[in-house]
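The values are calculated or read from the model by the stated rules, or taken from the named source; none is laboratory data. On a predicted model such as this, the values are computed, not experimentally measured, just so you know. Positions of Cβ are generated from backbone atoms using ideal geometry, with glycine treated the same way; all protein chains shown enter the neighbour counts.
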Amino acid sequence: MTTRAHPFRRQATVAALKETIVFWLLRAFTYVILGFGAIIFSIIIYKGSPAVFGSIRFDGAFPFIHNDFLFTKPQTLHIFRYKGELKQMSAAQYYAFTGEGTPETAPAAATPEQPLAPAVHATTEVVTPSPARATNAASALLAPATPTPPAETPAPSAAQPKIDPNDITEHETYSYAAGGIWPQIVGTVLLVIGSMTIALILGIFSAVYLSEYSKQGPLISAIRLAIVNLAGVPSIVFGLFGVGIFVIGMGWNISLLAGWFTLAFMVLPVIITASEESLRAVPRGFREGSLALGATKWQTIFSNVLPYALPGILTSSVLGIARVAGETAPILFTAAYATSDKLPWELSITPNRMHSGFLGYVEYPFLWIHDFALHGVSALPYHIYVVSSKIPQNEYTERVQYGTAFVFLAVVMAIALSSVLLRIRLRNRLKW
Amino acid sequence: MDESKPSAQTAEVVPTKVAAPSPSDKLARLNAPTIIDINNVDFYYGASKALHGINFPIKNKLVTAFIGPSGCGKSTLLRCLNRMNDLVEGTRIGAGSIKISGVDIYDPSVDVIELRKRVGMVFQKSNPFPKSIYENVVYGLRLQGINSKSRLDETVERSLRGAALWEEVRDRLHTSALGLSGGQQQRLCIARAIAVEPEIILMDEPCSALDPIATVKVEELIHQLKQDYTIVIVTHNMQQAGRCSDITAFFYMGRLIEIDATEKIFTNPTQKQTEDYISGRFG
């Protein structure tokens, strides 16, 4: 049966051809982008996940599941032949194995990490052996073939026969390559929490002022424009700003505090702009209804506007979190240590008892806060930078590079996810 | 928004809860003391003049209805009475004064917050807060720092009974107010307004978004409320003004054309414009 000629018959026109080409072009571009994204993510997952999941270890000591890649400090990788057998060990494990450098007094067989590559910034803290903390490192194990008893078991070093150093041949060490990124994870989380807290407080306050209190005029428009433009300032400029104002100006040196404020200022524009949007989206009736009942402006905003704008503000802060966690440049000069042998809460340089004038020695129980805030931290993005460009590259560094990148992605995702969950909870409670 | 046909039907349904007052009664009530004195008020939105020399008193414990076509300034005048127009930038009273109980409410010494506690408002679009019914009603009290459970419970019951809503919601006081129907939401807003015990309640087209049944309920409520409160109601619906007000003021183009007892306005208006509007020739 032949198709009858009718006026609506599909014909091969130039317009139809263009339409097809445009459709396929758009589709191709989109999928190319998606494809690259997928490739990047799968490489990171493929190469990074073994570092994390491969170092899961089950044994008797609390908390029963151990992961030396995630929960130890950065360690040097030792590669050597022991009686002809090739072995890979982390520093802690190596010293436990050889018994070398083990203090006789310390029951747990461990020494603090070795100094790291000289190319790295000389910000390494002075190492003071702390046996309680070192136990963690002592249990580090890279080669499952050579099990080391968990450090918590009584006097493992005594049970371990001291080996003959002559049995070790072809001994090589590689800085950082044994993994251990716990200080970096902690640092990143601390930086994100602190700077987002500061940014949200400052951002919401100024958004409330701009959208609810200020008289709209040329000045306010100029301020708003300036804020929007700040969002486009490169992050390294914020880093230098942080150096000028906080590190040098306020005299905070390279510290968590300086990093918090630098990162907070970096995400403020995004948060202010988005908060203003969310505040404007709250129906006018809520404000009028509240004011008509004799509420003051602040009462109205606090109890009847802000709660309903909060889900929107949190949505925008998810973006901020990704940026805060991901940026290396702003913390490069303000907060990041290439490595630190102590976690922020383990630092107590300042003694609790201080001589304060005629009062004599006075107890200051909260001085640890001072030490906590005024020391730098290690952070995941900076660690990636360090392990991929500041130390000699070899076949063993790849593991820690991809492992760190993988963990970094997971941390950012976890933080963003918790923010999304919080938002959903809030939204369910405050639906209108 | 004029639902003339359904409202005409419901007009017959309205059960007059209050016994129809005798004419002499009515007259006596029209001579009630003045509570709001509007004195030659000019009002501007920026450069454009919205009200031209409005001048009339509002009587205590009577229902005064403002009628007139859209844009005639009736809502603007209503919102002047509790200074809600302060929220709109660029508005000002050009001349004249509004006195409530003898006090000029635009005097710099007046605390707007106190004013709004005494002059409650119900809006055109019902605006319950996205909280529980209970929290909606006690909102105004919590603002005043009253948190005693017994006091709040008592107020909730009194206000909801006052707004003829108690029987319908007593079992779900702690569920969201947004689960209520449109009419219930509007009555909840009225309950919320009377919870803070104002003297005057301003209603800005309270029934324009409601169906006829809900409208009847709100109108009944207005009948009850006028025992205790002075009510000023803006409405587009002339039947409604006829049914529930004692005094009607007709506005046109920002001017007060005529004000009189409602029956007089609707049966025997003195101005031609009033007659034209009421008979539906324009507006």
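Scanning region B:99-112 for residues that are touching an Asp or Glu at 6+ places or on another chain (Cβ under 7 Å) and either within 14 Å of chain A (Cβ to nearest Cβ) or of a type outside the set (D, E, K, R) (or both) turns up just one, B:Val112.
Looking at the structure I just gave you, is A:Gly242 of a type in the set (Gly, Ala, Ser), surrounded by fewer than 24 Cβ atoms within 10 Å (Cβ to Cβ) and either under 30 Å from A:Thr339 (Cβ atoms) or in contact (Cβ under 8 Å) with a residue 40 or more places away in the chain (or both)?
It is false that A:Gly242 is of a type in the set (Gly, Ala, Ser), surrounded by fewer than 24 Cβ atoms within 10 Å (Cβ to Cβ) and either under 30 Å from A:Thr339 (Cβ atoms) or in contact (Cβ under 8 Å) with a residue 40 or more places away in the chain (or both).
Quick grid of which residues meet (1) under 32 Å from the mean Cα position of the chain (by Cα); (2) more than 12 Å from chain B (Cβ to nearest Cβ); (3) closer than 27 Å to B:Ser126 by Cβ:
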{"site": "A:Ser278", "(1), (2), (3)": "yes, yes, yes"}
{"site": "A:Gly285", "(1), (2), (3)": "no, no, yes"}
{"site": "A:Ser290", "(1), (2), (3)": "no, no, yes"}
{"site": "A:Thr300", "(1), (2), (3)": "no, no, yes"}
{"site": "A:Tyr308", "(1), (2), (3)": "yes, no, yes"}
{"site": "A:Ser316", "(1), (2), (3)": "yes, yes, no"}
{"site": "A:Gly320", "(1), (2), (3)": "yes, yes, no"}
{"site": "A:Arg323", "(1), (2), (3)": "yes, yes, no"}
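When region B:56-92 is examined, which residues are found to be more than 14 Å from chain A (Cβ to nearest Cβ), assigned to a helix (DSSP H, G or I) and farther than 15 Å from B:Gly46 by Cα? If the condition is that a residue be more than 14 Å from chain A (Cβ to nearest Cβ), assigned to a helix (DSSP H, G or I) and farther than 15 Å from B:Gly46 by Cα, then B:Lys74, B:Leu77 are the ones that fit.
With a requirement of 2 or more residues that are away from every other protein chain (no Cβ under 14 Å) and surrounded by fewer than 20 Cβ atoms within 10 Å (Cβ to Cβ), the helices (runs of 4 or more DSSP H) lying completely within region B:131-171 that satisfy it span B:149-162, B:166-169.
The single residue among B:Leu178, B:Leu115 that is outside any strand (DSSP E or B), touching a Pro at 6+ places or on another chain (Cβ under 9 Å) and within 14 Å of chain A (Cβ to nearest Cβ) turns out to be B:Leu178. Restricting attention to region B:50-101, the residues that are under 22 Å from B:Tyr229 (Cβ atoms) and without any contact (Cβ under 8 Å) to a residue 24 or more places away in the chain total 1.
Residues in region A:325-336 that are surrounded by fewer than 24 Cβ atoms within 10 Å (Cβ to Cβ) and either more than 11 Å from the chain's Cα centre (by Cα) or free of Cβ contacts under 8 Å to residues at least 12 places away in the same chain (or both): A:Ala329, A:Leu332, A:Phe333. Determine, yes or no, whether A:Leu225 is in contact (Cβ under 8 Å) with a residue 24 or more places away in the chain, in a helix (DSSP H, G or I) and in the same structural domain as A:Val282 (by TED's automatic domain parsing). Criteria not met by A:Leu225.
Does region A:343-362 contain at least one residue that is hydroxyl-bearing (Ser, Thr, Tyr), within 14 Å of chain B (Cβ to nearest Cβ), more than 20 Å from the chain's Cα centre (by Cα) and surrounded by fewer than 18 Cβ atoms within 10 Å (Cβ to Cβ)? No, there is no match, as no residue in region A:343-362 is hydroxyl-bearing (Ser, Thr, Tyr), within 14 Å of chain B (Cβ to nearest Cβ), more than 20 Å from the chain's Cα centre (by Cα) and surrounded by fewer than 18 Cβ atoms within 10 Å (Cβ to Cβ).
Here is a check on your reading of the model: is A:Phe286 in the same structural domain as A:Ile198 (by TED's automatic domain parsing), outside any loop (DSSP other than H, G, I, E, B) and farther than 19 Å from A:Ala226 by Cα? The answer is yes for A:Phe286. Regarding region A:375-384, can at least one residue be identified that is within 25 Å of A:Ser49 (Cβ to Cβ) and surrounded by fewer than 22 Cβ atoms within 10 Å (Cβ to Cβ)? Yes, that holds for at least one residue.
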